[in-house]
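The values are calculated or read from the model by the stated rules, or taken from the named source; none is laboratory data. Since we're looking at a predicted model, the values are computed, not measured. Cβ coordinates were reconstructed from backbone atoms using ideal geometry, including for glycine residues, and neighbour counts include every protein chain displayed. Just the protein is used for accessible areas: all its heavy atoms, side chains included, with ligands, DNA and RNA removed. Shrake-Rupley method; radii C 1.70, N 1.55, O 1.52, S 1.80 Å.
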Amino acid sequence: MNFRPIFHSFSRLPAVAVIFMVGVLLSVSPLYAQQTLGSILGTVTDASGSSLAGAQVTLLDQGTGLQRTTVSSQAGAYAFYNLAIGTYTVSVTSAGFAESRFPNILVQGDRTVTLNARLTIGSVQTAVTVEASPLLNAVDTTNGYILDSAQIENVPLATGSFTQLAVLAPGVSAELLSGTGTQTALGNQPIWANGQRDTSNTFLFNGVDVSNLFNGKSTSQVSSGRVVPNTGEGFGPGGSILTGTSVYDAIGQAIPTPAPESIEEIRVNTSMYDAQQGSTSGAHIDMSTKAGTNVIHGQAYLYRGTDWLNAAPFFYKDDPAIPANKKVPELHRFTTGASVGAPIIKDKLFGFLAYNAIRVTDQASGISNLAVTPGLGSDRSAQALVNLVQTNFGQTITASQIDPAALTLFNFKLPNGAYLIPSAQSPALTNESNVTLFGRPSFTADQAVADLDWNATPKDVVSAKYFYQHDPTIAPYTNSATDGFAQHLDS
């Protein structure tokens, strides 16, 4: 590439203009991202172990057809850097030696494959295929593991979240979620690595740090309210804190959570971090999404979860205010999606698209127990309220003493025809309440993954990745114990 015209054009600009342009370039804030590409390096030797200089090493991406070539140095060393995640074939040739071919070399993100080639004397037209693939990471001391897409899809994930995969690393544990409803939202679990807090983890998505900015957590379920911001969290039977109804409640879940079906690779490092990691003392979890190849590939899926095998929670069974047909909270959870990857221009341009939808309604976090004046019914006239005051509190008042605003509230009806202040369901208070309301909390998630890769030249590859996640929620009794004041949160 000839740069002379570019530099020549600068020579015609006034010095002030040049200084201004340089200043603008230097003032641009860079977008820092971690390494998501891999490398292959090694040495070329003859049968006796002596280095072979000038050997031609050819690299072929089996998925996209990208081909690169280099020559071994005087010490016999060669290297290919900045390789996309995928499977490669490496061929080594040198005059007077038979060609050595290494197919199915797996390159992983932020990892270096050490592949040494030993050539034997023979004709160049003779090829020796070596099926063994290097398994040992001989470059760094990072302690962790990597799962590819096939392994990810073969691991059963009860909550459908990538966080369950982290427990496969030594020293890592994750707490099982208490359900699969709206309180679990995206299904992300708290992760503890090597005794560190669950706030000490780092999450990377396609190389970009997406850790929860509030407190580093990956889950919205907590056993105490000490780290819960005042966003109107509610309490369920038995004192459980219902903060997971929304991603927006900030306990966690505020991290991109792609569907496992759209993840190409997940890397978990728990200790001995490399130079670009170590900002936190827990696990470093890095996800990379899928890309298109020369082979058309895709899938469609549907998962459904219901309450038909669920047992009634202890406090629900023990609460006489909850009818028998409501002892098992209603639950409906649907997860569906599809993906497709294909070549747009063979060996040059590739695309990948994926969509995932989650729809959940869960009555476990949609029950409200409250107390109203015993005897309150459909007669909400001023005289009826006067009689209730006399009966329940022994006070004598007149109808004119009933505040008009209070009378309006008692008679106000919601769009569904129910009273804003509900009628008493039992003549006496039971567990300090005589009304039980059943709402329908809902959680909705729409996620999309897009990838476009262009092999511009053997040395230049342009990639663009996009991820979209929208998580609106509705919690009926977070802001009020009565109907009509549902909390709508949108993230």
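The numbered conditions (1) open to solvent by less than 50 Å² (accessible area, probe 1.4 Å); (2) within 28 Å of Arg440 (Cα to Cα); (3) not aromatic (Phe, Trp, Tyr) are all true for Thr280 except (2).
Considering (1) in a strand (DSSP E or B); (2) at pLDDT below 80, the lone condition that Glu131 does not fulfil carries the number (1). Taking into account only those residues within the range 443-487 that are modelled with pLDDT of 85 or more and small (Gly, Ala, Ser), which is nearest to Val360 (Cα to Cα)? It comes out as Ala445. Screening the range 317-373 for strands (runs of 3 or more DSSP E) wholly inside it with 2 or more residues that are of a type in the set (Phe, Trp, Tyr) and surrounded by 15 or more Cβ atoms within 10 Å (Cβ to Cβ) returns the ranges 349-362. Looking only at residues that are without any contact (Cβ under 8 Å) to a residue 40 or more places away in the chain and part of a loop (DSSP other than H, G, I, E, B) in the range 39-86, which one is farthest from Lys459 (Cα to Cα)? It comes out as Ser48. Here the condition is being open to solvent by 30 Å² or more (accessible area, probe 1.4 Å) and more than 40 Å from the chain's Cα centre (by Cα); of Ala75, Ala55, it holds for Ala75 alone.
If you go through the range 159-173 and keep only what is in contact (Cβ under 8 Å) with a residue 40 or more places away in the chain, open to solvent by 20 Å² or more (accessible area, probe 1.4 Å) and either of a type in the set (Asp, Glu) or more than 21 Å from Ser262 (Cβ to Cβ) (or both), you end up with Pro170, Gly171. When restricted to residues that are open to solvent by 40 Å² or more (accessible area, probe 1.4 Å) and closer than 19 Å to Gly377 by Cα, the range 424-441 contains 7. So in the range 299-314, with the set limited to residues that are polar (S, T, N, Q) and within 13 Å of His332 (Cβ to Cβ), which one is surrounded by the most Cβ atoms within 10 Å (Cβ to Cβ)? The residue in question is Asn310. Among the residues of the range 115-124, at least one is modelled with pLDDT under 85 and either of a type in the set (A, V, I, L, M, F, W, C) or in a helix (DSSP H, G or I) (or both).
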